[in-house]
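Everything below concerns the one structure shown next.
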Amino acid sequence: MSVLKSLILACCILLCTQSFAQENLKQNISVHDPVMIKQGDIYYLFSTGFGISKWSSKDLINWKRDKPVFSTAPQWAVDTIPNFRGHIWAPDISYYKGKYYLYYSVSAFGKNTSAIGVATNTTLNEADPNYKWVDHGRLVQSYPNVTNWNAIDPNLIADEKGNAYLTWGSFWDGLKIAKLSEDRLSLTGSDKDFATIASRKKVKSETNPPAIDDNPKDAGGNAIEAPFIYKKGNYYYLFASIDYCCKGERSTYKMIVGRSKNILGPYLDDKGVDMARAGGKMLLQGDEKWHGVGHNAVVDISGEDYLVYHAYDAEDKGIPKLQIKKLAWEQGWPEVK
């Protein structure tokens, strides 16, 4: 074979390989409850899915579907949740002392038969020989008719001294917060120490409002979930989602926010109302194109803040799609651009 033919063949192979790689990249991806982190020059996105869905991208536009975090459901989750088949909800990713910490939730829909687990890895790159998720099992659990809170939607926030706290919650009494152990693999204190930092109930002693429409009766009508705390300047900002997800084109999800100089709260809105007493400044709500926007994360990308969330596409059968929008800060409050 001549040198020219060899070069032509090599170029054809290269072009075919590049074309195949491009075909495997997707845009406008369907995700639910997304969270994102960057390692090296690659962004990694985790979301609700069987085994926990994982995506990677170099430009935040074209995404490659990676293998799920878990190839089989964690045994502790199978033992904990009746009829659990491996569909894992609302992961949260963070980095600390050489390890990535992935918190996740397992639950029976509409019930607080729920638990939060945690897994760690030293890298997020599947090609790295050290890539291996180590599951550390259950962190916290909620029980029907025992705990008036729901152990889903975890999010980690650390203060300037490195002390870490976990927030979580959905419906029932609202959103909770508790301090994590130094290794971030367990909670300190007892159930009685889990303070409520956000609720739609105006009075602390108020009973859980009843469910409305066709919503799960056990969950009640305190429709708030998906806490995410982000430090900006002198404040910790608590983001949360209110109203209803998971209804496709009928979803009414909205995002609210409050702030506090204390990581434990109280988190007040722009009118001074405590989020634990039905406060919360409206950040973003749906429109004719996107019916329901929520379960957000906030990510610093090259010194700029971005809101990462899902929205239900009214023009595509209500399928939840990934959204990434720039955040600006106006008079101490986030605004979506």
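The values are calculated or read from the model by the stated rules, or taken from the named source; none is laboratory data. Just so it is clear, the model here is predicted, and its values are computed rather than measured. So basically every Cβ, Gly included, is an ideal-geometry build from the backbone, and we count neighbours across all protein chains shown. Surface areas here come from the heavy atoms of the whole protein model, side chains and all, with no ligands, DNA or RNA. Shrake-Rupley method; radii C 1.70, N 1.55, O 1.52, S 1.80 Å.
Here are a few things to note about the model shown:
- Each residue in region 12-36 was checked for being at pLDDT 90 or above and open to solvent by 30 Å² or more (accessible area, probe 1.4 Å), and 6 pass.
- Residue check, G137 touching a helix residue (DSSP H, G or I) at 6+ places or on another chain (Cβ under 7 Å) and either open to solvent by 70 Å² or more (accessible area, probe 1.4 Å) or not hydrophobic (A, V, I, L, M, F, W, C) (or both): yes
- Close Cβ contacts (under 7 Å, 6 or more residues apart or on different chains) running from residues in region 198-220 that are without any contact (Cβ under 8 Å) to a residue 24 or more places away in the chain to residues that are surrounded by fewer than 17 Cβ atoms within 10 Å (Cβ to Cβ) comprise P209/G221; P210/G221; A211/K217; A211/G221; I212/G221.
One line per residue, one yes/no per condition, for (1) at pLDDT 95 or above; (2) of a type in the set (V, I, T); (3) touching a His at 6+ places or on another chain (Cβ under 9 Å); (4) open to solvent by less than 20 Å² (accessible area, probe 1.4 Å):
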site: E160; (1), (2), (3), (4): no, no, no, no
site: Y165; (1), (2), (3), (4): yes, no, no, no
site: F194; (1), (2), (3), (4): no, no, no, yes
site: K202; (1), (2), (3), (4): no, no, no, no
site: D213; (1), (2), (3), (4): no, no, no, no
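- Only residues that are farther than 20 Å from G117 by Cβ and open to solvent by 30 Å² or more (accessible area, probe 1.4 Å) were counted in region 49-74, giving 7.
- Failed item in (1) in contact with a Lys or Arg (Cβ under 8 Å, 6 or more places away or on another chain); (2) open to solvent by 60 Å² or more (accessible area, probe 1.4 Å); (3) not acidic (D, E), with K232 passing the rest: (1)
- Count of region 75-115 residues, restricted to those that are open to solvent by 10 Å² or more (accessible area, probe 1.4 Å) and either part of a loop (DSSP other than H, G, I, E, B) or acidic (D, E) (or both), is 12.
- Filtered residues of region 232-246 (kept if within 14 Å of the chain's Cα centre (by Cα) and among the hydroxyl-bearing types (S, T, Y)): S241
- Any hit, region 41-48, residues being over 23 Å from I157 (Cβ atoms) and open to solvent by less than 20 Å² (accessible area, probe 1.4 Å): no
- When restricted to residues that are aromatic (F, W, Y) and free of Cβ contacts under 8 Å to residues at least 40 places away in the same chain, region 253-299 contains 1.
- Only one of the listed residues (S186, S181) is without any contact (Cβ under 8 Å) to a residue 24 or more places away in the chain and open to solvent by 10 Å² or more (accessible area, probe 1.4 Å). That residue is S181.
So that you can scan it fast, the table gives a plain yes or no per residue for (1) touching a Gly at 6+ places or on another chain (Cβ under 8 Å); (2) open to solvent by less than 10 Å² (accessible area, probe 1.4 Å); (3) part of a strand (DSSP E or B):
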| site | (1), (2), (3) |
| --- | --- |
| G117 | yes, yes, yes |
| D128 | no, no, no |
| Q141 | no, no, yes |
| L156 | no, no, yes |
| W168 | no, yes, yes |
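- All positions within region 238-251 that are within 17 Å of G174 (Cβ to Cβ), touching a Phe, Trp or Tyr at 6+ places or on another chain (Cβ under 6 Å) and either open to solvent by 60 Å² or more (accessible area, probe 1.4 Å) or outside any loop (DSSP other than H, G, I, E, B) (or both): L238, F239, S241
- Taken together, S105, S114, S94 contain a single residue that is small (G, A, S) and more than 17 Å from R138 (Cβ to Cβ), which is S94.
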